[in-house]
Every structure is written in C-alpha cells, then in structure tokens.
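Here's the structure we're looking at; comments come further down.
The values are calculated or read from the model by the stated rules, or taken from the named source; none is laboratory data. If you're wondering where the values come from, they're calculated on a predicted model, not measured in any experiment. Note: ideal-geometry Cβ built from the backbone for every residue, glycine included; neighbour counts use all protein chains shown.
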Amino acid sequence: MEYVFDATPVQRRSYARFILAGNGEGNYDLRAMAEWEPESLRPWADHVALFDDAALGQLTSRGWPDYWWATLGASDASVDDLAARIAAAPPTEPYMPTTCTPPFARVYLLIGADTDRALTHLGDLGRERQVVRWICENNGLAVPPTGSAVRRFTRTPQIIADRYEPTPGLRTDIEAADILADPRGVGCALPLSVVLEVDLSLLDSPLKGTFPFFMSFCSDCEADEEILGYRGWKRDTDKIVFDEERDERCPGYDEGTPDPLTDVGLRPSHRYDPQTRLRSRSRDAGRLGGRPSWRQYPDWPGCCGQPMFFVGQIDIGHFGGVGGTSHAFACECGTATQLTQIS
C-alpha cells in the first residue's frame, strides 16, 4: 500500500484503470482506494457496471477480492441497467461466498454501487430471489419485507490509532474480571485480556453500550485460544457470559501480557493526505465503522432476522497477538460477536 499512499490522485486513478482492465495480481488496493479516495474509482464506475461476461470474468479471475467496489457511486442509469440484467439472468446455483460467476458478480457490483437507487433495487431483487438475499445479508445489507435494502454498517470508517490524541470512549485499561462472569478463556485456564473497549455511542448506529475486544496471551495454548475464530455473548446481565460452554484443554501458560496501547484515538483524516502523514506519529491499530476488511471470505453474522451491525475491527498483531484481524458485530437486542480471521 505504500506506493499507493505516496502516489498522486492522478496516478491512483490511472492505477485503478489498470486494475479494472484485468491487469496485475490481486491485493487490497482497490478496496483501499474505494474507502479512502473514492474519486480514484468514480471515472470508471459506470463502465464497470456495464461489463459483459468476458470482462467480468477477466476481472474476477485476477484475484482482486474486492473488485465489486469498482462501481461505487455509479449513476442511476447504470444502476438501473445493472439491476435489469440481474433480473433477466439472476444467479441460480447454490451460493458460496467465493462464487464469482457473472450472475453473482453483478449482484456484488450492485452492492458495491452503494447508492440509494442500488439499495432500492437490491430490496426488490432480494425479496424475489433468495440467493440475492443471501448475498446481501452476507455483505451487511438487510432485506426488509418492503422498501430498500438497509445498510448494517456505517459508510465511512475512522482509523483507530495509538500514539494519537485520546478519544473518550476508547479504553485500554479494562480488566476482564470486571466485565466477564468468568474471565478465563473458553478452552484455556489463563484469564483473557480486554485490549480495547469501544463506547458504541462513537458509532453512528442504533447500538448502545460498549463493545470489548477480547484476546488471549497464553504463550503456548493447547486449546488455540489465541486464534479462536468466534466469541459470542449477550449482554443482558451485569457481566458477560460467553455463548460457548467452557471446555478447558489448556492449563494456561503465562509469560506476561504486552503493555496496553496508550493514547488511543479516532483519526478521521484522509489516509492519502501527505501533510497528515508527515505531522502524525500515530500507528493504525484498527478501524471503527465502514465495512469489514475480510482476510478470508465474508462471514457476516446475523441476529433477529437481519445482519448484525458492524462495529469495527482491530489488527490483533498490533495489540501483541499472533496476527490477523478481529471483527466486531452487535445487535440492538444486546447480542455481540467477535470474529477473528488469521490468514
């Protein structure tokens, strides 16, 4: 990403065109440009929305995991045409998150447009076709009985950074025993650590309360607690009780925990702004809002008949873990989920 960061806006637009022509090898640059400088993609959005099967196949075969962001901000006319083609030739085969045949890819492109017109079409198509509904829900869009699809995420992420001006509502001084009925891991005797607690009022969402990010620092865990992929709970009592029953398989090997991050704050500034970069000594530790940056395939959890709301994510290596990303989701009912993807 460094060369994209240091490039000029004109160079990034040219690079986006290079990618969308089916060139290069897959990485996450396309998504980064969509999130942090959508102007890089806007000149090409209508063109990509009208890709034929051959062009779509070339783009998706290059391994760009977030190719569908290329339609961000597409015009109403292009969105209408794209929706009409989906309706005429909808995806029919069983849905898998990794499926990218042209009928599936067009649904993703419609999601990527992320306009009010696109959401209206997705609501209609999702009610007509179960497979379209599944794709929407696995990408954070609820399909209600009537009306447009509904985003279960905030559109603009903010960087969670340490060595930055502290933001009230981001805490790294929470003890697990203060919020967990049993501070031990699900399969390990060593107490967990709360590396970050987020006040959900920082997020433009219907959520209330706080979200704690849990990590295990067992040095040689026989239960793989430090790479546990799923933690779920419902906060309806004074203290959290995990959904999973304890199955202790590791006595816990404690070689000390990393020092907590200090001066953690939200940095809303433009990632590609060189002046901001020069002035800041902060380091990116995660993000609040936006959409998940999946390391693997999308795995959006649901609750109460709709996708859970995406809170944010942290780089667990930045907090002293083994590497990977922990994604936070919550529901208005109080249910919460932490999903971790390592590679």
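Numbers below:
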quantity	calculated
Total residues in the stretch 333-343, condition modelled with pLDDT of 95 or more and part of a loop (DSSP other than H, G, I, E, B)	0
Residue pairs meeting the criteria (Cβ under 7 Å; at least 6 apart or on separate chains; first in the same structural domain as residue 314 (by TED's automatic domain parsing) and within 26 Å of residue 290 (Cβ to Cβ), in the stretch 173-200; second at pLDDT 95 or above and acidic (Asp, Glu))	174/197
Residue list for the stretch 153-188, restricted to those being surrounded by 17 or more Cβ atoms within 10 Å (Cβ to Cβ) and under 30 Å from residue 95 (Cα atoms)	153, 154, 157
Residues satisfying the stated conditions in the stretch 240-262, i.e. of a type outside the set (S, T, N, Q), touching a residue at least 24 places away in the same chain (Cβ under 8 Å) and touching a strand residue (DSSP E or B) at 6+ places or on another chain (Cβ under 6 Å)	240, 242, 250, 252, 261
Tally, over the stretch 1-40, of residues that are part of a loop (DSSP other than H, G, I, E, B), surrounded by 13 or more Cβ atoms within 10 Å (Cβ to Cβ) and under 20 Å from the mean Cα position of the chain (by Cα)	4
Hits in the stretch 224-242 (condition: assigned to a loop (DSSP other than H, G, I, E, B) and surrounded by 21 or more Cβ atoms within 10 Å (Cβ to Cβ))	228
Matching residues in the stretch 290-327 - criterion: being free of Cβ contacts under 8 Å to residues at least 40 places away in the same chain, in a strand (DSSP E or B) and within 26 Å of residue 218 (Cβ to Cβ)	313, 315, 325, 327
When residues of the stretch 209-218 are limited to those that are without any contact (Cβ under 8 Å) to a residue 60 or more places away in the chain and part of a loop (DSSP other than H, G, I, E, B), the one farthest from residue 251 (Cα to Cα)	216
Residue that is within 29 Å of residue 18 (Cα to Cα) and either in contact with a strand residue (DSSP E or B) (Cβ under 6 Å, 6 or more places away or on another chain) or surrounded by 22 or more Cβ atoms within 10 Å (Cβ to Cβ) (or both), where the choices are 150, 79, 132	79
Meets criteria (of a type in the set (Phe, Trp, Tyr), more than 25 Å from residue 300 (Cβ to Cβ) and surrounded by 15 or more Cβ atoms within 10 Å (Cβ to Cβ)) for residue 44	yes
